[in-house]
Structures are given as C-alpha cells and as structure tokens.
Amino acid sequence: MVAAGVWFVVAPGTDDAAPEVAAAEARLPDVEAAGPVLAALSSEAPAPDPGVLADGLAPLLAAPALGSGVEARVVDVASGEVLLDQGSDDPSTPASTAKLLTAVAALTTLGPDATLETRVVAGATPGEVVLVGGGDPTLSRTVPSLTYPGAPTVADLAAQVRSSLPVGTEVTRVVVDDSLFEGPRTAPGWGPGDAPSTYAAPITAAAVDGARVRPGELPRSGQPGIDAGTALAVALGVPDAPVALGEAPEGAETLGTVESAPVARLVEQTLSQSDNVLAEALARHVALAADLPASFAGAAQAVAEALEGAGLDVTGVSLSDGSGLSADDRVPVSLLTELLTGAADGSLPGASAVLSGLPVAGYDGTLADRGDEDPQTAPGAVRAKTGTLLGVHGLAGTVVTADGRLLSFAVVADGAPANGLAAEEALDDVAAALAACGCR
C-alpha cells in the first residue's frame with residue numbers, strides 16, 4: 001500500500017502497517033526570493049529642492065479657500081532640513097492638530113505600556129457599591145467595545161463584583177465617584193453647544209463608551225458619570241437600583257478592577273478618530289503624573305511642560321484644553337513638525353504611536369474619505385492629523401514623496417472663509433502635491 005509517498009507492507013491477518021522503506025527525500029519547488037513585505041524607505045532617495053518645492057506650493061497655499069492666515073512648514077525627516085517655512089513660528093489656532101501635543105505628552109510621560117484603571121469598591125452600607133472612575137472613558141457597555149478595540153468592559157467588572165460580594169448580597173445602590181478629575185467640566189474657549197454634542201461631552205473621571213449616549217453611536221451624554229453607574233447597575237442585574245454621585249469610603253474593599261488598553265493604543269484611537277473625550281482624559285493623566293491638578297488648566301500646563309521636558313520648543317504655546325476644541329488654544333506649526341519629525345526619526349523615544357495613529361488618506365480615520373485615486377498619492381502616502389473649527393482648518397503629518405523621501409509637514413489656516421469643504425480640498429491639494437513631488 002502506498003500512503004504519502006511511503007511504501008508499507010501489511011501483514012496478513014493484521015490491521016497494523018509497518019514501514020518497509022524510509023520516505024523519499026522531499027523535493028520543494030524552486031521559487032524566487034521574496035522581497036520584504038514592509039520595505040524601509042531608501043536612504044538614497046533624493047530630497048526635494050527647497051526652492052522648487054516652495055514654488056510648487058506657493059499657489060496652493062494662497063488658495064482663496066484657505067484665507068490669508070496660512071502658516072506652513074515642511075521638513076525633510078532624514079536630514080532635519082526645513083524645506084519650506086511660511087510663518088511657522090507664529091502661534092495659530094491648532095484645532096484638533098493640538099491632539100498631537102497631548103499624544104506625545106502622554107507617551108513620554110505615562111509610557112506606551114501604561115494602562116488606566118477603573119475600580120468598584122464596597123460602599124458605606126451593605127448592598128451599596130461604588131464605581132471609582134479612573135479616567136478611562138473607553139470602559140464599554142458591550143462585549144467587545146463597538147468603538148475602542150481592546151477596551152475593558154462593564155460586564156467583566158460586574159462579574160468580579162458579584163464574585164467578591166458575600167453570597168446572597170443584593171446590590172441596592174450604585175454610587176459613582178468621579179473625584180479623580182476636578183474643576184470645570186468644559187474648557188475655556190468651548191462653545192455652548194460643544195458639550196454635549198456629537199463630538200464632545202463634559203469631562204468626567206467616570207464614563208462609558210467615550211461618554212456616548214448609546215454604544216457605537218455619535219451623540220455624547222451630558223451626564224457621563226451617571227451613565228457609567230447605570231451601566232454597572234444593569235450589568236449587575238439591578239437596572240432599577242438608584243445611581244448617584246458620591247465618594248468612595250476611605251480604605252474600602254476593592255470588589256473588581258479592569259484596565260484599559262495600553263496608552264499607545266489609546267493615543268492611536270485618539271488621533272485616528274479625533275476623539276476629544278479620550279484626548280482630554282489622557283491630558284488629565286499627564287497632569288496627575290506631574291502632580292498637577294487634574295483639571296483643564298492643570299492638564300494644559302502639564303502637556304506643555306512634558307513637551308519641553310522632551311526637548312521640544314514650546315515657545316508661543318498656549319493651551320486651554322488637551323483636545324484642541326478650544327478656540328483659545330495657540331500652537332506654532334513649527335512645533336507640530338518638530339514633534340512629528342522626532343517621532344519619525346526616533347529622537348522622541350516611545351513616541352512611535354503618534355505615527356501609527358495618524359489617519360491614512362483615502363483609507364481610515366478622519367481622512368478615510370479624503371485623498372485621490374492617483375497611486376502616487378493615495379492611499380498611504382499621506383498620513384496626517386486633521387483639525388477643524390469654525391474658520392480653522394489644519395493638516396499635520398507625514399508624506400512620502402514620489403522619489404521615496406519622507407517629509408513631515410503642517411499647514412494651518414486659521415482665518416479661512418466659512419466654506420469648510422473648499423478649505424479641506426485646498427489642504428488636500430497641498431498634501432497631494434507633496435506626495436507627487438520630485439521637486440528637483
């Protein structure tokens with residue numbers, strides 16, 4: 001009998017087969033050597049000529065849709081040479097490009113592998129449990145989270161609580177302790193309709209699903225702490241139990257603990273989706289690590305100090321929040337390109353998640369529907385953080401030129417006319433021109 005290329009002789013009257021000869025030597029087909037799947041950029045790729053690049057970008061930066069106040073900077077990552085500078089040291093309103101500052105501060109202060117903890121402890125009376133907010137808004141009501149991959153779940157927390165409580169104990173009340181964060185719950189420079197809205201909520205230490213009213217949907221809640229407590233009550237099987245804000249008793253027994261995804265993943269989620277609530281939470285944790293108040297003011301101070309401590313030039317920086325939602329924020333675009341260059345060339349240790357979190361033009365995040373079909377420019381050649389407020393449009397990230405040279409760039413137009421779509425298209429033209437650039 002022949003099986004898999006081996007001869008066997010079957011003895012009469014038996015069911016066992018004994019090999020007669022060894023298997024023939026396997027012969028594999030001849031194949032060509034495979035190239036690397038993720039090839040590094042060539043160190044020989046030519047850099048653009050600054051003069052040619054400036055001439056090519058000049059009419060694009062002067063597009064009427066961007067208005068008169070356009071600050072821009074382009075840097076060759078390998079050499080650090082500034083290829084274009086248009087008012088890059090002048091502080092401008094960054095909008096959500098300010099999240100790049102919070103991201104770097106979180107990565108360099110907390111560390112990429114740090115996690116955020118949420119606890120439940122025993123309350124002051126039998127049957128009472130206290131949800132202690134740890135500043136992790138990704139805690140999920142669904143399994144898994146519909147918005148934050150790798151997020152902890154309320155179901156896990158509730159299961160631990162049930163196992164920790166004495167047999168027969170009925171939960172009769174849920175208290176929510178969100179005292180980790182302090183101060184006003186909205187920042188100076190936020191508009192009256194910003195929180196709650198589809199993109200922001202009051203910033204509290206206890207929240208679920210990014211302070212969303214319903215998991216996976218856009219509208220945010222005006223009472224994130226109460227929502228978190230209600231979610232715990234539902235998961236514990238007591239949906240009608242009263243929920244109230246309060247504080248955990250000192251030295252209370254811990255009944256359950258869950259941890260967020262690592263900070264590196266939280267940074268990626270913050271940047272890709274431009275998540276204001278998650279950005280503000282990360283900024284508060286930077287403040288806590290620096291022994292500053294976990295408030296908007298404390299977080300703003302801590303982020304700026306963390307960047308300065310990392311060797312970045314924070315001249316002209318003035319922050320009122322950690323997300324860029326405040327119209328009062330001011331950041332020079334020179335800082336945006338400096339931190340992007342540092343993340344790309346490795347001079348900012350631990351900051352690589354800034355690059356992996358950047359939206360990819362024509363592919364994902366806030367750039368999923370932006371870009372063109374030219375294979376030289378999309379998708380993947382342009383990766384950048386968007387920024388949008390009324391009259392403000394920005395784009396800051398990295399781009400690989402047609403010659404394979406990596407550039408960092410930032411363009412902010414903070415005096416743009418009201419037509420936001422036209423301004424976005426004008427910024428996309430700038431990025432596409434950089435991607436298509438030989439510029440020699």
Of the candidates V213, V238, the one satisfying the condition of being of a type in the set (V, I, T) and over 27 Å from G150 (Cβ atoms) is V238
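Residue by residue, here is whether (1) basic (K, R); (2) more than 16 Å from the chain's Cα centre (by Cα); (3) outside any strand (DSSP E or B); (4) over 19 Å from P94 (Cα atoms) holds:
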{"site": "T341", "(1), (2), (3), (4)": "no, yes, yes, no"}
{"site": "L348", "(1), (2), (3), (4)": "no, yes, yes, yes"}
{"site": "T386", "(1), (2), (3), (4)": "no, no, no, no"}
{"site": "L407", "(1), (2), (3), (4)": "no, yes, no, yes"}
Might you check whether a residue that is of a type in the set (A, V, I, L, M, F, W, C) and within 17 Å of P126 (Cα to Cα) occurs anywhere in the stretch 255-267?
yes
At positive phi and in contact with a Phe, Trp or Tyr (Cβ under 9 Å, 6 or more places away or on another chain): which single residue out of G127, G135 fits that description?
G135
Step by step: first the residues of the stretch 295-319, then only those that are of a type in the set (S, T, N, Q) and touching a Lys or Arg at 6+ places or on another chain (Cβ under 9 Å), then the one that is nearest to A279 (Cα to Cα). Which residue is that?
S295
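Listed here are the residues, each with its yes/no results for (1) out of contact with any strand residue (DSSP E or B) (no Cβ under 8 Å at 6 or more places or on another chain); (2) on the phi > 0 side of the Ramachandran plot; (3) part of a strand (DSSP E or B); (4) surrounded by fewer than 24 Cβ atoms within 10 Å (Cβ to Cβ).
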| residue | (1), (2), (3), (4) |
| --- | --- |
| T257 | no, no, yes, yes |
| V277 | no, no, no, no |
| A306 | yes, no, no, no |
| G316 | no, yes, no, yes |
| D321 | yes, no, no, no |
Expected single match for touching a residue at least 40 places away in the same chain (Cβ under 8 Å), of a type outside the set (S, T, Y) and either assigned to a strand (DSSP E or B) or in the same structural domain as R214 (by TED's automatic domain parsing) (or both) among G56, G134 is G134
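The values are calculated or read from the model by the stated rules, or taken from the named source; none is laboratory data. Being a predicted model, the structure only gives us computed values, none of them experimental. Positions of Cβ are backbone-derived with ideal geometry, glycine not excepted, and every protein chain shown enters the neighbour counts.
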